[in-house]
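**Q** My structure is below; once you've seen it, I'll send some questions.
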Amino acid sequence: MSFQGRVIAVTGASTGIGLALAAYLGKSGATVLAGARHVPAQSLTGVTFQALDVQDAESTRAFCSRAAQMQVDAFISNAGIGCFGEIETISDAQYRNVMDTNVLGLIHCAQAMAPHFRSRHEAGLHSRLVVVTSDVSARTFAGGALYTASKYAQRAICQSLAYEGQAYGLHVTEIRPGMVDTHFNGGLPGDPSRQLHLQPDDVVSAVAYALSVPGHVRVDEILLHPVVQPVTF
């Protein structure tokens, strides 16, 4: 799939899905601005990295300002963290860390990009916001209260933005992957126990589809799972 001439921003690009997205889009012809807490040492074709902490409003505004200057037509909100444990074990610090990254971070990005999306709409152009959440944005399990609550909240934000965005040409898509073979939650990619997990490139393909549909189409969500998936993380 060619993204020649497209300009796309990606958050959470240190490792895993975000890094795979940046690499794929750059190789496919896009100009990519990739935000990462820990900027990778390697260079990628078509990709410029910028330090980004979505919890921090100033850091997010700086990233989004550069994205607007580059005239991005699509923004992929992928930054996220997980924390698991029974409700009685959740600390205030854990709550803030998860909610400030997954929920407030998405709000920071949407707020900072809105003026750019509006200016594109005034010029007769539409924009796309793709948010990588999880299949648990509509389910939960024992030990998953904090993480799934953050994903439910992200889902609500996506759906609200889809309505609000109609006023300024913004098309919003939620990508809801099941188990993915990444470093998420301390995982080890390639571990034999993960052989049936989705791969980052599977999620990349879903995002690429959402970014490539015609301008009159809005893909509300894409839910994808490995053929066999445990009930919990």
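**Q** From the list ASP92, ASP73, ASP100, exactly one residue is acidic (Asp, Glu) and open to solvent by less than 30 Å² (accessible area, probe 1.4 Å). Which is it?
**A** Just a single option satisfies the conditions, and that option is ASP73.
**Q** Something else about it: Could you look through segment 195-210, keep only residues that are crowded, with 18+ Cβ neighbours inside 10 Å and more than 13 Å from the chain's Cα centre (by Cα), and pick out the one that is nearest to THR173 (Cα to Cα)?
**A** Per the criteria, the residue is ASP202.
**Q** When segment 126-148 is examined, which residues are found to be open to solvent by 30 Å² or more (accessible area, probe 1.4 Å), within 22 Å of the chain's Cα centre (by Cα) and not β-branched (Val, Ile, Thr)?
**A** HIS126, ALA138, ARG139, ALA145 - these are the residues of segment 126-148 that are open to solvent by 30 Å² or more (accessible area, probe 1.4 Å), within 22 Å of the chain's Cα centre (by Cα) and not β-branched (Val, Ile, Thr).
**Q** Tell me, which strands (runs of 3 or more DSSP E) wholly within segment 12-91 include 3 or more residues that are touching a residue at least 12 places away in the same chain (Cβ under 8 Å), over 22 Å from LEU161 (Cα atoms) and under 17 Å from the mean Cα position of the chain (by Cα)?
**A** 31-36, 47-51
**Q** Could I ask something else about it? Could you list, in sequence order, all residues of segment 115-156 that are in contact with a strand residue (DSSP E or B) (Cβ under 8 Å, 6 or more places away or on another chain) and part of a helix (DSSP H, G or I)?
**A** HIS116, PHE117, ARG120, HIS121, ASP135, SER137, ALA138, GLN154, ARG155
**Q** Starting from segment 120-148, take each residue that is more than 20 Å from PRO214 (Cα to Cα) and aromatic (Phe, Trp, Tyr) and list its partners that are in a loop (DSSP other than H, G, I, E, B) and open to solvent by 10 Å² or more (accessible area, probe 1.4 Å), counting only C-beta distances under 8 angstrom and pairs at least six apart or across chains.
**A** PHE141/VAL231; PHE141/THR232; PHE141/PHE233; TYR147/GLY82; TYR147/CYS83; TYR147/PHE84; TYR147/PHE233
The values are calculated or read from the model by the stated rules, or taken from the named source; none is laboratory data. Computed from a predicted structure; not experimentally measured. Neighbour counts run over all protein chains shown; Cβ positions are idealised from the backbone, glycine included. Surface accessibility is based on the protein's heavy atoms, side chains included, excluding ligands, DNA and RNA. Shrake-Rupley method; radii C 1.70, N 1.55, O 1.52, S 1.80 Å.
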